[in-house]
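A quick write-up on the structure given underneath.
Computed from the coordinates by the stated procedures, all read-outs in this text should not be read as laboratory data. None of these values were measured; they are calculated from a predicted model. In this analysis, Cβ positions are derived from the backbone assuming ideal geometry, glycine residues included, and neighbour counts consider all displayed protein chains.
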Amino acid sequence: MQAPLWDSPATHTLYDRKSEALFAADSLGAFIPGPAEEVTDVSEAAFAEGFHTFARALSPWVHLVDQGKFDKHLETFRKLEPKTILSSHGPAARGRADYLLRAVSAVPAMEPFVGPDHEEMLAMMAKVEAGVKMN
């Protein structure tokens, strides 16, 4: 089935009925401050910020959607009642499906993601080449 968010129309999710796990491809991921096995290993504030930034960057089109249609699409995943959500870009979310689906539902109303411009990208690359730790 089509993922909740995507950067390619070929991105799909898989729900395994036996394990009750939703394999969410690259949707429902998050930028987090360090390695974590579970969503609960990250502070709620840090996870929320990283989740919303990742969602907006992954799917910059999301601010253009009709909220009602988007929420109807998310209802497909709610009805599955997954016990675990596994994203390619985030820690495991056990027992957190409602939390993640509410969080992703809020994304269309957020400011669109704007990535670095050419000069900012050059500055970041120079820092990396100089061995400066990035924030």
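Values of log10 I(q)/I(0) for region 56-135 across q = 0.13, 0.16, 0.27 Å⁻¹ run -0.60, -0.78, -1.27, by the Debye formula with one identical scatterer at each alpha carbon and no solvent.
Taking the Cβ of each residue in 14, 74 as the centre, tally the other Cβ atoms inside 10 Å and list the residues starting with the fewest.
Going from sparsest to densest Cβ surroundings: 14, 74.
Normalised by the empirical 2.2 N^0.38 Å for globular proteins, what value does the Cα Rg of region 3-45 take?
1.37
Shown here: mean projected area of the Cα convex hull in nm², derived from the displayed model; of the candidates (1) 9.1; (2) 13.2; (3) 7.9, it corresponds to (1). When the chain is described by a simple charge dipole with +1 on each Lys and Arg Cβ and -1 on each Asp and Glu Cβ, the residue from 15, 55, 32 located farthest towards its positive end is 15.
Over the chain, Cα pairs under 8 Å with separation of 6+ residues give a relative contact order of 27 percent. Cross-link reach is defined here as a Cα-Cα straight distance under 18 Å, omitting same-chain residues fewer than 8 places apart; for residue 18 the lysines meeting it are 79, 83. With loop membership from DSSP and a limit of 14 other Cβ atoms within 10 Å, the longest segment of the chain without GluC sites (Glu not before Pro) is 38-135.
Ranking of 61, 6 by neighbouring Cβ atoms within 10 Å, starting from the fewest: 61, 6.
Per-residue Karplus couplings for region 86-91, computed as 6.51 cos²θ - 1.76 cosθ + 1.60 with θ equal to phi - 60°, are listed in order as 10, 10, 5, 10, x, x Hz, Gly and Pro entered as x.
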